[in-house]
């Protein structure tokens, strides 16, 4: 995963991947008069720690209720007998109630997924910033 993020980081900041390891420009690009070197810093800056986000557990993913089986008589020219039509109608009503209960659960899971995606982007940006320092 870290390799993937470094690949993404190199795509976001193309100059960082091509920079010289010691931070000096190549010999052909040196100016005629070099500026005096800056004194080294007294203490190196502390390493930035980027913590990867945790995805929502797959076990928390809600399952959509199953549609009731459609009786074969619905497709015939004669239609269904009364009792079969009523029982199918009752099953559809029960499904609609289950679907109404499913919607807020699914939306809450979707919010968790969107938060994970946002945190992943922030993590990638943190890695890019740490690489540039």
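Taking label positions 7 Å along the Cα-Cβ direction at both residue 98 and residue 59, the computed distance is 2.3 nm, reported to one decimal.
For the pair residue 67 and residue 50 in one chain, pulling the backbone fully straight at 0.36 nm per residue adds 1.6 nm over the alpha carbon distance.
Bear in mind these aren't lab numbers, they're just calculated from the coordinates by the rules spelled out. None of the values given here were measured: they were computed from a predicted structure. When we count neighbours, we look across all protein chains shown, and the Cβ atoms used for this are built from the backbone with ideal geometry, even at glycine.
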